[in-house]
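Note sheet for the following structure.
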Amino acid sequence: MRPHIIFRYTGLVLLINVVFLLISAVISLVYNDTAFRPLFFSALLIGLVGVFPLVYVPNTKEISNNEGLIIVVLSWLLSCVVGAIPYLLWGGEFNFTNAWFESVSGYTTTGSTILTNIEALPKGLLFWRSSTHWLGGLGIIVFMLLIIPTLGLSGIILFKTQIAPIAKDTFRNNAKNTLRILLYVYVGLTVAESILLVLFGMNVFDAVTHSFATIATGGFSTRNMSIAAFNNPAMEIVIIVFMILSGIHFGLLFSVFIQGNTRIFKSTVVKYYLLMILAATVITFLDLLNKTQLGWADALRYSAFQIISIGTSTGFANADSSVWPAIPKVLLMFFALQCACAGSTSGGIKTDRIVVLWKAIGRQLKLVLHPRAVIPVRLDNKSLDESEIGFNILYVVFYLLIVSAASTLLIALNVNSVDAFSGTIAAMGNVGPGLGSVGSLGNFSHIPGLGKWILSSVMLLGRLEIFGLLIFFVPYIWKIRKS
Amino acid sequence: MRLRIKILSGFFILVLMLTIAGIWSITELSNLGSSVRQLLDENYKSINASKIMLEAVERQDSGILLLLLGKTDEGRKIILSGDSLFALGFEIASSNVTIENEQALIDNIKEKYENYSSYIKNPIIIDDQANRINWYFDIPHKYFNDIKKEINDLMSLNDRTMFNTATALQNKASRAVMPGIVSILAAILFSLIFTYLVNYYFIGPIIKITNSVREFVDRNVPYIVKIESHDEINELSRSVETLCQITGEADNKK
């Protein structure tokens, strides 16, 4: 590990943050609000720290695996610190813990908030809050590749830890191409959603900030009541469509929209993802129709929006699902664990792993009946390695263990069990809302300080696919390489 | 990039960071100072004015009682001095309207004091002692209580606002140190990075050059030093390398 290389590339990541801080400061200036000084001061300070290594460290074409991993994880952690500074300087409900929680929630595209009154925030800060989603969603590291002129081996190494490992095979082994695909899809979806939302009556500021949050599958809204505040079914339909799209592997979206390829409909994972959403929506709709006073139109509207919002790990709300009957709540929690496809900005275990898990369970059952049979686990006509299946199952088990451990710690801190379990599942899956007081229209302000630190750590673990963050703390990768 | 620019840029950034932190802290402290001044000006003045008005109407109430007891001169004197005092208090309060609803309270005080004043300046003195007491409780004392209530309301409004502003100030004071803390932490981080880079790109190569020259002189080991940066140290290394080659060739010729 060569520290100067780490300084150079994490410095570049900081500079990308500075660009968005400056845009937020300009917005603050336009709206003449109180966030200009905190935003501008943060931009200046972070810019100075970020630009300095560029003066000293020349560009390099060789980045080792360990350096790549350190750059990725350190960039996430530093971005979260940087993201907290404007909140901390602005004040209001933000103390150190709250600012850190909000920033981590933003960058990991979780969307949980500690704010009891979001609308009290100045526009500049609201824009910065949404920007953290957008930056986090695409992965700051992917952005960083933009400004590395030599997108060869170094690009790929940085990229590996960013995208869920299982999605790697569908991207061509070319970081430059992958970056281009991601950028086209990401920016294209954001612009398209913003335009549609404006056309359906949302103002430009809200349209852009909500698009940032949708495409990043984040969930930060500029309103206390989230999407429910607009009470506009047309806007909800637009957001539903873009939430679904944002939950699909971006490489597949690219092949559909740009290359006119219909491969997307042949993908087992995508088929499973869409069918599960459809099935859960229908079940929730029928249950709401049966057990609540809602009419069919409202029941359909709320069930579709809430299931898709949680199922894609976005976390927007058009209704208070914490008062719903038991079956929809269980479905919501299942989706908060599973979330959407790998290769998208979604969090959670991911449908890819769940599909492999179901298939592995199916195979195991067949092996009970035919112990001598050789039964491969296939995904889209491709047999998976036993090691891949083993790692997949290990990941799911480890994921659930972390959720259990963090929930237990929260309960030990006197958080009620519903808030603790659902809040942890939502944090680990980067979903946002859980059930109870941390539900779709609630917030995390009442969680004790230590609990907020636990939840933000869990968000980072989920975003960095658990092992990415854990390996960061292994002393071996920090071994300094002598030049 | 040249060596001088590299070194100077480090110090320049450090100075810039500390300057920004300094300017921000000064601005915050100066804002805090003006907020304290504002707090005193806006609320404390009105509270003081309310106290003056209360003292004035209480004096006038005592004056009426003295009139009722037959001490006419003394009573009138006290009532008039109370009137002057009230005018002073009212003047301060009415020229310092800074809170929502404060003007309405001041208008009420004015109206009620005018009613009160019309009675106490020309009190109807009744001969019968018992009727005098009844008159006192029926008219002047009732007005006295009304106006006292309005003045107390004005005082409470300013009290509450002062408490809220003081709480906000306390919050502001703790926030005022934040830019300083953030800047200091950033400066420490920056200094560590600066130190590492200076060590890696300047001190390390100089030590390498020195050791390699020593090896060449002592044991005739060829001078081979790889310098990553493209600055004067790189040029120095190449010059030393050329010098070593020339010296080596001269030695071989001997």
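The values are calculated or read from the model by the stated rules, or taken from the named source; none is laboratory data. This is a predicted model, so every value here is computed, not measured. Quick reminder, even Gly has a Cβ in these numbers, built from the backbone with ideal geometry, and neighbours come from all protein chains shown. The protein model used for the area step is the full one, side chains on, heavy atoms only, and it has no ligands, DNA or RNA in it. Shrake-Rupley method; radii C 1.70, N 1.55, O 1.52, S 1.80 Å.
A few points about this structure:
- Note on A:Ser417 and B:Leu69: the model spin-label points, each 7 Å out from Cα along the C-beta direction, lie 7.6 nm apart.
- Whole-number accessible area per residue in Å² for the range B:170-220, which is evaluated in the context of all protein chains at 1.4 Å: 56
- Counting Cβ atoms of other protein chains within 10 Å of each residue's Cβ and taking the mean over peptide B:57-63 gives 0.
- Summed over the residues of the range A:1-162 and divided among them, the accessible surface reaches 28 Å² per residue at a probe radius of 1.4 Å.
- Using alpha-carbon coordinates, inclination of helix B:102-121 to the longest axis of chain B, degrees: 30
- In summary, the convex hull built on the alpha carbon positions of the range B:1-89 has an orientation-averaged projected area of 7.6 nm².
- B/A buried area, accessible surface, summed, 1.4 Å probe, Å²: 2600
- Rounded Å value of the spacing that divides the Cα centres of the range B:1-37 and the range A:21-46: 17
- Full-stretch length increase - B:Ile184, B:Asn234 - with 0.36 nm per residue and alpha-carbon distance subtracted: 14.6 nm
- Once C-alpha pairs closer than 8 Å and six or more residues apart are averaged by separation and normalised to the residue number of the range B:181-253, the relative contact order reads 23 percent.
- Residues in the range A:437-483 occluded by at least 20 Å² - accessible area, probe radius 1.4 Å, against chain by itself: A:Ser483
- Between helix B:140-176 and chain B: long-axis angle, C-alpha atoms, 0 to 90°, nearest 10: 0
- Axis of helix B:232-253 versus longest Cα principal axis of chain B: the two differ by about 10°, to the nearest ten degrees.
- Drop in accessible area of at least 50 Å² in the complex versus isolated chain, residues of the range A:79-108, 1.4 Å probe: A:Leu88, A:Leu89
- For B:Ile133 and B:Phe12, the difference between the fully extended length at 0.36 nm per residue and the C-alpha to C-alpha distance is 35.2 nm.
- FRET efficiency estimate (nearest 0.05) - Cβ-Cβ, B:Asn164 to B:Lys142, R0 35 angstrom: 0.55
- Ligands, DNA and RNA left out, the accessible area of the protein assembly as shown computed with a 1.4 Å probe is 64% carbon and sulfur.
- Excluding same-chain neighbours fewer than eight residues apart, the aspartates and glutamates reachable from B:Lys77 by a Cα-Cα span under 18 Å are B:Glu55, B:Glu58, B:Asp61.
- Estimated purely from DSSP H runs of n ≥ 4, each contributing -39500 (n - 2.57), the mean residue ellipticity at 222 nm for chain B is -29000 deg cm²/dmol once divided by its residues.
- Mean residue ellipticity at 222 nm, helices only, chain A: -21500 deg cm²/dmol; runs of at least 4 DSSP H residues each add -39,500 (n - 2.57), and the sum is divided by the number of residues.
- Modelled this way, with points 7 Å down the Cα-to-C-beta line, the labels at B:Thr195 and A:Ala120 are 4.2 nm from one another.
- In this structure, B:Ser95 and A:Val198 have a Cβ-Cβ separation that, at R0 = 41 Å, corresponds to a calculated FRET efficiency of about 0.25.
- Burial ranking of peptide ranges A:219-226, B:143-150 (average Cβ count within 10 Å, highest at the top): A:219-226, B:143-150
- Spatial separation of Cα centroids for the range B:47-89 and the range A:375-432, in angstrom: 79
- Listed cross-link partners A:Lys266/A:Lys366; B:Lys208/B:Lys253; B:Lys6/B:Lys208; B:Lys71/B:Lys112; A:Lys123/B:Lys6; A:Lys291/A:Lys359 are compared with a 30 Å cut-off, the Cα-Cα value being larger for A:Lys123/B:Lys6; A:Lys291/A:Lys359.
- Whole-number Å³ per residue for the convex hull built on Cα positions in chain A: 152
- Over all pairs of different C-alpha atoms in the range B:152-254, the reciprocal of the mean inverse distance, the Kirkwood hydrodynamic radius, equals 19.1 Å.
- Peptide A:43-51 - average C-beta neighbours from other chains (10 Å radius): 4
- Subtracting the Cα-Cα distance of A:Trp453 and A:Leu401 from 0.36 nm times their residue separation leaves 16.9 nm of extension gain.
- For the Cα trace of chain B, dividing Rg by the Kirkwood Rh returns an Rg/Rh value of 1.60.
- Whole-Å distance, taken between Cα centres, linking the range A:235-255 and the range B:235-254: 67
- Principal semi-axes in Å for the range A:1-162 [√(5λ), Cα gyration tensor, largest first]: 29, 16, 12
- Applying the criteria of a DSSP loop state and at most 11 other Cβ atoms within 10 Å to the trypsin sites (Lys or Arg not before Pro) of the range A:394-483 yields A:Lys479, A:Arg481, A:Lys482.
- In the range B:157-180, the residues that give up 50 Å² or more of accessible area when the other protein chains are added, compared with the chain on its own (1.4 Å probe), are B:Arg175.
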